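Q: Following this message is one structure expressed as structure tokens.
The values are calculated or read from the model by the stated rules, or taken from the named source; none is laboratory data. Every value quoted in this text rests on a predicted model; they were computed, and no experiment measured them. Here Cβ is always computed from backbone atoms with ideal geometry, including for glycine, and neighbour counts include all displayed protein chains. Side chains included, ligands, DNA and RNA excluded: accessible areas come from the protein's heavy atoms. Shrake-Rupley method; radii C 1.70, N 1.55, O 1.52, S 1.80 Å.
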Amino acid sequence: MFGMVLAFGLMSLIKLLFQRYENSAIIAGLKNMGKLSLTMYILQSIIATSIFYGYGLGLFGADIFIWSILIVIVIYLGQMYMSTLYLKHFRYGPLEYFLRIVTYMNVRKKKWVKSEREK
């Protein structure tokens, strides 16, 4: 029972924060990351595994808990910034575009790049 109450409480808190701080840079970055969700998820996985797993820097399991948290925050903020810059020129991310090609079996070049009116 407590888990469900906690989940609904967190959802309500997030909704309240989105409504109250609608025009803040952090909320805009989160919205932009949501538009590129598949691309950001895969990119975050590639970056984080390259840092923490054995084929990269191998920091997983090292006694650097605070540094690990800071690294993840920097990665996330960097992705928020990159997604905001990316969406100024394109409508959706490269993996989302590929997914649309596979789903609709049609390549739509003009729909991917934003027109001058939308910028």
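Q: What longest range of the chain stays clear of loop-exposed chymotrypsin sites (Phe, Trp or Tyr not before Pro) (DSSP non-H/G/I/E/B, at most 14 other C-beta within 10 angstrom)?
A: It works out to 61-119.
Q: Carbon and sulfur atoms: what percent of the 1.4 Å accessible area of the chain do they account for?
A: C and S fraction of accessible area: 70 percent.
Q: In degrees from 0 to 90, rounded to the nearest 10, what is the angle of the helix 94-104 Cα long axis to the longest principal axis of the chain?
A: 60 degrees
Q: So, one more: Work from the charge dipole of the chain (Cβ charges, +1 for Lys and Arg, -1 for Asp and Glu, about the Cα centre) and give the residue of LEU70, LEU10, VAL102 farthest towards its positive end.
A: The residue sitting farthest along the positive end of the dipole is VAL102.
Q: Under unit Cβ charges (Lys, Arg +1; Asp, Glu -1), what dipole magnitude, rounded to 20 debye, does the chain have relative to its Cα centre?
A: Here the size comes out at about 840 debye.
Q: List the residues, sorted by chain then number, that are 5 or more residues from LEU87 or on another chain and whose placed amide H is less than 5 Å from its amide H.
A: none
Q: On to the next question. When the Karplus curve 6.51 cos²θ - 1.76 cosθ + 1.60 is applied with θ = phi - 60°, which whole-Hz ³J(HN,Hα) does each residue of segment 73-80 get, with x for Gly and Pro?
A: With the stated coefficients, segment 73-80 comes to 5, 5, 4, 5, 5, x, 5, 4 Hz.
Q: Apply the a/c threshold of 1.5 to the C-alpha gyration tensor of the chain and tell me whether it is rounded, prolate or oblate. Please report the intermediate quantities before stating the final value.
A: Numbers: a/c = 1.86, a/b = 1.25, b/c = 1.48.
It is oblate, given that a/c is not under 1.5 and a/b is not larger than b/c.
Q: Once the Cα atoms of helix 37-52 and of the chain are each reduced to a long axis, what angle between those two axes, in degrees from 0 to 90 to the nearest 10, is obtained?
A: On a 0 to 90 degree scale, this one is about 40.
Q: From the helices alone, meaning DSSP H stretches of at least four residues, give me the mean residue ellipticity at 222 nm for the chain, per-run term -39500 (n - 2.57), in deg cm²/dmol to the nearest 500.
A: Numbers: 6 runs with 83 residues, N = 119.
About -22500 deg cm²/dmol.
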